[in-house]
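What follows is a single structure, written as structure tokens, with notes after it.
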Amino acid sequence: MAKRDTSFICQSCGAAYHRWQGKCEACGAWNTLAEEVAVTASVPAAQRSGRKGRAVALETLQGTATPAPRMVCGIGELDRVAGGGFVPGSVLLIGGDPGIGKSTLLVQASAALAARGQQVVYVSGEEAVDQVRLRAQRLGLEQAPVGLAAETNAENVIATLSGGPPVHMVVIDSIQTMWSDSVESAPGTVTQVRTSAQLLVRYAKQTGACVILVGHVTKDGQIAGPRVVEHMVDAVFSFEGDGGHQFRILRAQKNRFGPTDEIGVFEMTGRGLSEVANPSELFLSNRDAGAPGTAVFAGMEGTRPVLVEIQALVAPSSLGTPRRAVVGWDPNRLSMVLAVLDARCGVRLGGHDVYLNVAGGLRIGEPAADLAVAAALVSSLTGAPLPADAVYFGEASLTGAVRQVAQAAARLKEAAKLGFARAVLPSGGLDGVDAQVAIQPVASLAELVAAIAAC
Ligand code: TYD
Ligand code: MG
């Protein structure tokens, strides 16, 4: 006998409560609890059927592991983030703000794969068939042999997919619109999203099709509801970018079949997303090289060096607690650099408002940006521009020393390629590196401050 049970489920993280409360204790979100009806069987299904488990044969760790064959769609940036193409039988979740271009990217990927002879189905739960067709026409892809359906019921979707020839890739746009007959909750609730995702994951594992789920993101950057889906899928990608910029960044947050620090860079054009082969050029375009407070950071995004401009503005504050505003970097890391500049170099910014911006909307996660941030801050404070032909990288420690970072050679090579003549970086660790730029080693932030004062 199935028992009807209602509980209050946090729509952000999936935690369940017996009664309503304003705040979810599990994830701290407010007003996210919604009442959902769950059908729980009072006797486990296995017991009801009287079925005993079936023993499986155990394997050893030895033996030849055949690398998973990949489906390459030909959109290089997407293939690289996926780890060299899509893995059959895997499930991928792509999250991003509404309007960022998720549907556009996936229509392009579907068409590209279909053009290579793969069987591709695009299921739209948000748009009608005509709307998807219009987009495909706009992208010039209407000839691609992609199967198209507008459907929101997960069982119907799976029945459709199972009915025809074997499908290689399925796009579900979006998972939040999917609902399953097996649960009574309203469409869009966590229970529905989770159940539909489970069905689709099982479909992927059973048939070897690659399933791509689109997920929407909430204001604070989390994939709404399907946080609970994140651990069920093999890979989670986020598609980022801001409205003011034409370019978009696809970032792997989790990937069972590839690296997680890889990014793909795209530009939104009138004819869809086009790949950006050299992101450094894009991030450094429109650069105001002679202005104080800007430093070029030679960073790494996965296997690829990316040069980007760090902008700092330091101004005397009229507030009791000065403002600290950061876009594109970790605010805690900024506080640390400010504290080290204060304590070890005598650069006092305690009475100043500090604004820090990574130009172009890129988000940097590397501590290697410390040196460039410190240089930009000191330059803004003193009003002296930094040399326009220099790049900076190195990690600051709390003692004020500057530490070496990985892949110095790749960073220097990219700097030389883009016409930079010198690099300010931690001393040592460059044995055997054929640097085509002049190296200006600094052992500590104090040395950096002195060098900026001298130029
Ligand atoms: P869309 O893929 O619908 O976003 P999402 O699925 O993430 O919500 O992208 C919509 C935006 O992209 C919309 O603002 C228009 C823009 N766009 C272009 O600039 N060029 C194009 O060729 C297409 C198809 C969309
Ligand atoms: Mg969409």
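Given contacts defined as C-alpha pairs under 8 Å and at least six residues apart, what's the relative contact order of segment 369-422, whole-number percent?
Taking the mean separation of contacting Cα pairs over the length of segment 369-422, I get 36 percent.
Return LEU141, LEU61, LEU398, LEU148 ranked ascending by Cβ neighbour count within 10 Å, so the fewest neighbours appear first.
Ranking LEU141, LEU61, LEU398, LEU148 by Cβ neighbours within 10 Å, fewest first, gives LEU61, LEU398, LEU148, LEU141.
Percent relative contact order of segment 66-209, based on C-alpha pairs within less than 8 angstrom and at least six residues apart?
Relative contact order comes out at 24 percent.
Find how much the distance from LEU398 to THR269 grows on full extension, using 0.36 nm per residue of separation minus their present alpha carbon separation; answer in nm with one decimal.
Computed gain between LEU398 and THR269 is 42.0 nm.
Stretch ALA159-ALA443 to full length: gain in nm at 0.36 nm per residue minus the Cα-Cα span?
Difference between extended and current length: 95.8 nm.
Give me the orientation-averaged projected area of the Cα convex hull of the chain, in nm², one decimal.
If I average the Cα hull's projected area over directions, I get 27.6 nm².
Work out the length of the dipole vector of the chain about its Cα centre, built from +1 on the beta-carbon of each Lys and Arg and -1 on the beta-carbon of each Asp and Glu, and round it to the nearest 20 debye.
Computed about the Cα centre, the dipole is about 900 debye.
Placing +1 on the Cβ of each Lys and Arg and -1 on the Cβ of each Asp and Glu in the chain, which of PRO316, ILE212, PRO441 has its Cα farthest towards the positive end of the resulting dipole?
About the Cα centre, the residue reaching furthest to the positive side is ILE212.
Cut-off is 10 Å between beta-carbons; in what order do VAL72, VAL190 appear when sorted fewest neighbours first?
Listed from fewest to most nearby Cβ atoms, that is VAL72, VAL190.
For segment 282-454, give me the percentage of DSSP beta bridges that are antiparallel, rounded to the nearest 5 percent.
55
Can you tell me what share of the DSSP beta bridges in the chain is antiparallel? A percent to the nearest 5 is fine.
Counting only bridges with both partners in the chain, antiparallel ones make up about 55 percent.
Full extension from GLU142 to ALA384: what is 0.36 nm times the residue separation minus their Cα-Cα distance, to one decimal in nm?
81.6 nm
Which value, in Å³ per residue, describes the convex hull spanned by the Cα atoms of segment 232-361?
168
Could you go through segment 419-425 in sequence order and give the Karplus-derived ³J(HN,Hα) for each residue, using 6.51 cos²θ - 1.76 cosθ + 1.60 with θ = phi - 60°, rounded to whole Hz, and x for Gly and Pro?
x, 7, 9, 9, 9, 9, 7
If you plug each phi of segment 129-134 into the Karplus form 6.51 cos²θ - 1.76 cosθ + 1.60 with θ = phi - 60°, what whole-Hz ³J(HN,Hα) values come out, in order, with x for Gly and Pro?
3, 4, 5, 5, 4, 4
Of GLY351, THR195, PHE393, whose Cα points farthest to the positive end of the dipole of the chain (charges on the beta-carbon: +1 Lys, Arg; -1 Asp, Glu; origin at the Cα centre)?
THR195
Given H placed on each backbone N at 1.01 Å, which residues far from GLU184 in sequence or on other chains put an amide H within less than 5 Å of it?
For GLU184, whose amide H was placed from the backbone, the distant partners under 5 Å are VAL39.
How much FRET efficiency would the formula 1/(1 + (r/R0)^6) give for ARG324 and LYS52, where r is the Cβ-Cβ distance and R0 is 56 Å, rounded to 0.05?
The computed FRET efficiency comes out at 0.35.
What is the chain's relative contact order, in percent, from Cα pairs under 8 angstrom and six or more apart in sequence?
12
Going by how many other beta carbons lie within 10 Å of each one, how would you line up MET169, MET268, fewest first?
Ascending number of Cβ neighbours within 10 Å: MET268, MET169.
Tell me, what is the FRET efficiency for ALA291 and GLU25 to the nearest 0.05, using R0 = 41 angstrom and their Cβ-Cβ distance as r?
Given R0 = 41 Å and the Cβ-Cβ separation, E is 0.30.
Modelling each spin label as a point 7 Å along the Cα-to-Cβ direction, I'd like the GLN62/ASP431 distance in nm, to one decimal.
3.9
Helix 445-454 versus the longest principal axis of the chain: what angle, 0 to 90°, nearest 10, using Cα atoms?
Rounded to the nearest ten degrees, it is 50.
Mind checking which of GLY299, SER280, PRO331 is farthest towards the positive end of segment 262-335's charge dipole, using Cβ charges of +1 (Lys, Arg) and -1 (Asp, Glu) about the Cα centre?
PRO331
Report, in deg cm²/dmol and to the nearest 500, the calculated mean residue ellipticity at 222 nm for the chain, where each DSSP H run with n ≥ 4 adds -39500 (n - 2.57) and the sum is divided by the residue count.
Value at 222 nm, helices only, nearest 500: -8000 deg cm²/dmol.
A short reminder: the numbers here are calculations on the coordinates, not readings from a lab. Just so it is clear, the structure is predicted and the values come from calculations on it, not from any experiment. Neighbour counts are summed over all protein chains in view; Cβ atoms, including those assigned to glycine, are modelled from backbone coordinates with ideal geometry.
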